[in-house]
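Worksheet: the structure to be examined is printed underneath.
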Amino acid sequence: MQSTIVDTKPFGDQKPGTSGLRKKVRTFQQPHYLENFVQAIFDTQPALAGGTLVVGGDGRYYNREAIQIILRMAAANGVATALVGQGGILSTPAVSCLIRKYKTQGGIVLSASHNPGGPDEDFGIKFNTDNGGPAPASVTDAIYDRTKTIAQYKTIDAADLDLDEIGKAALGAMRVQVIDPVADYAELMEHLFDFNAIHHLFNSGSFRMRFDAMHAVTGPYAKEILENCLGAEPGTVMNGEPLPDFGHGHPDPNLVHAHDLVELTQGAAALDFGAASDGDGDRNMILGREFFVTPSDSLAVLAANAHLAPGYKAGITGVARSMPTSQAADRVAESLGVECYETPTGWKFFGNLLDAGRITLCGEESFGTGSDHVREKDGLWAVLFWLNLLAVRRQSVAEIVTEHWRRFGRNYYTRHDYEGIDSDAASGLVDHLRILLPDLPGKQLGAYTVAYADDFSYTDPVDGSVATAQGIRIGFEGGSRIVMRLSGTGTSGATLRVYIEQYEPDPARHDLPVQEALAPLILIARELAQIEARTGRAEPDVIT
Ligand code: VG1
Ligand code: CO
């Protein structure tokens, strides 16, 4: 089949953000918009010609249409084999798993993750390299540069493929394999965790849990692994069917958007364990009975207990956390005698550390936790890790975490998001903070003395690449911190994220309400950044 060359013109706005290119569906539906970005991937990634490409997405609105477009373009650009998830479905960690297992030259994930889906909502596309991880800045910059000059793309004239039947097909000279999206991932999980112990826990008669798939991609994964393999009672997985609009929901597993699940963990009939995952299956929220585990604490607890899971029984080589993530993991790393790295926000910054074997576990405050088993954060993996701990330690979630705090101290932590604010106001706010930074060290703000204040910059210890302007950090004596940065995943206006952390070594002060414990620092952050005056917002939209 002859490939067709289509003339096109650059769009000026195809710069990938924290995790790929995210725009409104209608933006992606403009003629040539998706095509330009995809051609830029092929033009800058020559190994894909003659190679194998994994393609899949989170099932959101426009997923199926986008996959057909990408497959035709892949065929025209000389890709030898495409591995596609059945129905076009693949979670982000499953794509990473497939790239690594089948040693492919890369993968394309279609998702806007935790952002809502539907004709008026969000869509996204992300390229993962042959290590299975999100493309590093050097690659996304090259793709973006290419989109600025692109004049043509290649496709073939061919009908849509049937993606609902597992099997082999051909598209021009390209082989297409429609694969079970769950099987390879489930097999990997079985190697990492003690499935027998978890099976016993589920059948003990004294453990009740729910997993909320939020009508997003993890439904089929959770049903197969939790219910079919591990024997959890049918119905354990709620909202398990992936829907193009996530059932009108916001597939973001946090206390605000996974509210129904949170309620099930409260009151007299409370569940022992609740967990949820996001649109593309890479985030996780962990709940116990009347207990919320902050993602920062979750990383620290997993690091301290990793040896209890078969896949990590030899211990961990090191740990990494994104800069705004609390320093709870640092204390565990110190006691284990391993390194703890602080990286900019975004999973792509963990890739080199994982590839070099410098770290085993890593995580972000934004409900992302993962390990060297793949090169993405992994929602269900974190849930299985927690289930493994609960099964082995025979304690409740609350007991495990409060015991952890007694041993290491507690890092009180919260994030306040001001969403959809004016973009100019947001950049003005950050510019204003940058001006204040040099004068802050040594200053007294309320009861706190500023130890350091900077705009975070990171030098990758493996390849020496430098990322600057990654967020405002204000550190206080005693380990408390205020961090502020603008989101890189939104599709309209700007989102200001304010991260607040305070270290409390005294166990007698470990059960304060979080917002109360952090109130003085929250106030300092609001005043310093002039949040209300500059954004018109007196209160954040989302508190996690
Ligand atoms: C957010 C989170 C970040 C995460 C990113 C992608 O980015 O803060 O930690 O890596 O989303 O997650 P930002 O720039 O909006 O703060 V996912 O699950 O949306 O791929
Ligand atoms: Co996600």
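With the requirement that a residue be crowded, with 18+ Cβ neighbours inside 10 Å and either in contact with a Phe, Trp or Tyr (Cβ under 6 Å, 6 or more places away or on another chain) or free of Cβ contacts under 8 Å to residues at least 40 places away in the same chain (or both), what does region 309-335 give you? It would help to see each step written out before you state the result.
Just the residues of region 309-335 that are crowded, with 18+ Cβ neighbours inside 10 Å, to begin with: 309, 311-312, 316, 318-333.
Across region 309-335, the qualifying residues are Ala309, Ala320, Met323, Pro324, Ser326, Ala329, Asp330, Arg331, Ala333.
If you scan region 365-396, which residues turn out to be closer than 20 Å to Ala135 by Cα, open to solvent by 10 Å² or more (accessible area, probe 1.4 Å) and more than 15 Å from ligand 1 (Cβ to nearest atom)?
The answer is Asp372, His373.
Looking at (1) out of contact with any helix residue (DSSP H, G or I) (no Cβ under 8 Å at 6 or more places or on another chain); (2) assigned to a loop (DSSP other than H, G, I, E, B); (3) open to solvent by 30 Å² or more (accessible area, probe 1.4 Å); (4) touching a residue at least 40 places away in the same chain (Cβ under 8 Å), find the lone condition where Gly59 falls short.
The one condition Gly59 does not meet is (3).
Kindly check whether there is at least one residue in region 435-443 that is of a type outside the set (A, V, I, L, M, F, W, C) and in a strand (DSSP E or B).
Scanning region 435-443, I find no residue that is of a type outside the set (A, V, I, L, M, F, W, C) and in a strand (DSSP E or B), so the answer is no.
Return the pair list, or none, for Cβ contacts closer than 6 Å from residues in region 10-33 that are among the aromatic types (Phe, Trp, Tyr) to residues that are within 16 Å of ligand 2 (Cβ to nearest atom), at least 6 apart or on different chains.
Note: pairs meeting the criteria are Phe28/Phe123.
Yes/no per residue for (1) assigned to a helix (DSSP H, G or I); (2) polar (S, T, N, Q):
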residue: Ala142; (1), (2): yes, no
residue: Thr147; (1), (2): yes, yes
residue: Arg175; (1), (2): no, no
residue: Glu187; (1), (2): yes, no
residue: Ala197; (1), (2): yes, no
residue: Arg210; (1), (2): no, no
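Scan Leu53, Leu83, Leu98 and give me the residue that is assigned to a helix (DSSP H, G or I), hydrophobic (A, V, I, L, M, F, W, C) and in contact (Cβ under 8 Å) with a residue 40 or more places away in the chain.
Being assigned to a helix (DSSP H, G or I), hydrophobic (A, V, I, L, M, F, W, C) and in contact (Cβ under 8 Å) with a residue 40 or more places away in the chain holds for just one of Leu53, Leu83, Leu98, which is Leu98.
Would you mind finding the one in Arg283, Arg289 that is surrounded by 22 or more Cβ atoms within 10 Å (Cβ to Cβ) and either closer than 27 Å to Phe456 by Cα or charged (D, E, K, R) (or both)? Steps first, please.
On the way: Arg289 fails: surrounded by 22 or more Cβ atoms within 10 Å (Cβ to Cβ).
The unique qualifying residue is Arg283.
Of everything in region 265-300, what is part of a loop (DSSP other than H, G, I, E, B) and within 16 Å of ligand 1 (Cβ to nearest atom)? Give them in sequence order.
Matches in region 265-300: Asp278, Gly279, Asp280, Gly281, Asp282, Thr294.
Looking for something β-branched (Val, Ile, Thr), open to solvent by less than 60 Å² (accessible area, probe 1.4 Å) and farther than 29 Å from Asp245 by Cα - is there at least one such residue anywhere in region 156-166?
There is at least one residue in region 156-166 that is β-branched (Val, Ile, Thr), open to solvent by less than 60 Å² (accessible area, probe 1.4 Å) and farther than 29 Å from Asp245 by Cα.
The values are calculated or read from the model by the stated rules, or taken from the named source; none is laboratory data. Owing to the predicted nature of the structure, the values given are computational and were not obtained by experimental measurement. Here the Cβ is made from the backbone with ideal geometry for all residues, glycine too, and neighbour counts use every protein chain on show. Please note that ligands, DNA and RNA were not included when accessible areas were found on the heavy atoms of the full protein model with its side chains. Shrake-Rupley method; radii C 1.70, N 1.55, O 1.52, S 1.80 Å.
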